[in-house]
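One structure below.
The values are calculated or read from the model by the stated rules, or taken from the named source; none is laboratory data. Treat the numbers as computed from the prediction; the structure is a model and nothing was measured. Every residue, glycine as well, gets a Cβ built from its backbone with ideal geometry; the counts of neighbours run over all protein chains shown.
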Amino acid sequence: MKWVFATGNKHKVQEIRPLLPDGMELLSLRDIGCDEDLPETGSTIAANSLEKAVYVREKYGYPCFAEDSGLVVPAIDGEPGVYSARYAGTGDAGDNIIKLLARMRGVDDRRAYFVTVFTLAGDGSLEQFEGRADGEITLIPAGEGGFGYDPVFRPKGHDRTFAEMLPDEKREISHRSKAFAQLLIRLKSFENSNKL
Ligand code: IMP
């Protein structure tokens, strides 16, 4: 069975692809001729995830899954949250980090978490799977890897930021991997029922 991962973000595809079992094929939006920006008009991460999956399922006719994710810092009212990608208004990850560090100046409670919600839009079914990675916002950026807020996010129990970790290290503990692990169980059950 071929599944479309409805994201235009190549970093997300790179994080997910190695987690797929042999024989399971993943199509990108480009593979199905979709080069438009998917709608994200919801006010929550879960709503945006659902919107993207339903849009691709209905418009392009492929079983698919989509994800939406973001960084949540409780001490500053949950910012950047659903606005994570466009927090500074420029769409630039460096600008988002500058804005976040400025907003957190003088804030002692630097606890934060990343959250991912996957939505699976199969044949007639809609299901959601959530994963979370807890940690804290560092005082200054560190590391060159990853994307987005990785240089200022240090996961709990570690002394390096996500951006200082190797891709495999981040994959082990990331919010996206945790959510995907649950999704994968469901994908496998679809595969098995297809073989019957
Ligand atoms: P989305 O592409 O609409 O889901 O927006 C997610 C945004 O949240 C990204 O553009 C990043 O700014 C941030 N984000 C989500 N996951 C991660 C991650 O694993 N590392 C760093 N930033 C992330």
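Candidates in the stretch 74-89 are the residues that are within 12 Å of the ligand (Cβ to nearest atom) and among the hydrophobic types (A, V, I, L, M, F, W, C); of these, the one that is farthest from Phe114 (Cα to Cα) is Ala88.
Figure legend. Inter-residue proximity from the stretch 33-60: first residues charged (D, E, K, R), second residues surrounded by fewer than 19 Cβ atoms within 10 Å (Cβ to Cβ) and in a helix (DSSP H, G or I), beta-carbon distance below 8 Å, spacing 6+ or different chains. Indicated pairs: Glu40/Glu51.
Summed over the stretch 56-71, the residues that are more than 10 Å from the ligand (Cβ to nearest atom) and farther than 21 Å from Phe190 by Cα give a count of 1. For the stretch 10-45, residues that are among the polar types (S, T, N, Q) and surrounded by 15 or more Cβ atoms within 10 Å (Cβ to Cβ) total 1. Within the option set Leu187, Leu139, Leu101, Leu120, being away from the ligand (no atom under 12 Å from the Cβ), surrounded by 12 or more Cβ atoms within 10 Å (Cβ to Cβ) and not in a helix (DSSP H, G or I) holds for one residue only, Leu120.
All conditions but one from (1) within 16 Å of the chain's Cα centre (by Cα); (2) within 14 Å of the ligand (Cβ to nearest atom); (3) surrounded by fewer than 18 Cβ atoms within 10 Å (Cβ to Cβ); (4) touching a residue at least 12 places away in the same chain (Cβ under 8 Å) apply to Glu172; the one that does not is (4).
Any chance the stretch 70-83 includes a residue that's touching a helix residue (DSSP H, G or I) at 6+ places or on another chain (Cβ under 6 Å), outside any loop (DSSP other than H, G, I, E, B), modelled with pLDDT of 95 or more and surrounded by 22 or more Cβ atoms within 10 Å (Cβ to Cβ)? Yes; the residues of the stretch 70-83 include at least one that is touching a helix residue (DSSP H, G or I) at 6+ places or on another chain (Cβ under 6 Å), outside any loop (DSSP other than H, G, I, E, B), modelled with pLDDT of 95 or more and surrounded by 22 or more Cβ atoms within 10 Å (Cβ to Cβ). When the stretch 38-57 is filtered for residues that are at pLDDT 95 or above and among the acidic types (Asp, Glu), only Glu51 remains. For Asp95, the conditions (1) touching a residue at least 12 places away in the same chain (Cβ under 8 Å); (2) in a helix (DSSP H, G or I) are fulfilled apart from (1). Screening Asn48 on (1) surrounded by 18 or more Cβ atoms within 10 Å (Cβ to Cβ); (2) more than 14 Å from Leu120 (Cα to Cα) shows it passes everything except condition (2).
Tell me whether the stretch 143-156 contains one or more residues that are among the β-branched types (Val, Ile, Thr), within 11 Å of the ligand (Cβ to nearest atom) and at pLDDT 95 or above. Scanning the stretch 143-156, I find at least one residue that is among the β-branched types (Val, Ile, Thr), within 11 Å of the ligand (Cβ to nearest atom) and at pLDDT 95 or above, so the answer is yes. Taken together, the residues in the stretch 48-65 that are in contact with an Asp or Glu (Cβ under 8 Å, 6 or more places away or on another chain) and either assigned to a helix (DSSP H, G or I) or over 23 Å from Ala181 (Cβ atoms) (or both) amount to 4. Checked against (1) closer than 19 Å to Asn9 by Cα; (2) in contact (Cβ under 8 Å) with a residue 24 or more places away in the chain, Ala163 meets all criteria but (2). Residue pairs whose Cβ atoms lie under 9 Å apart, sitting 6 or more positions apart in sequence or on different chains, and linking a residue in the stretch 116-132 that is closer than 22 Å to Gly81 by Cα to a partner that is in a strand (DSSP E or B) and among the basic types (Lys, Arg), are Thr116/Arg132.
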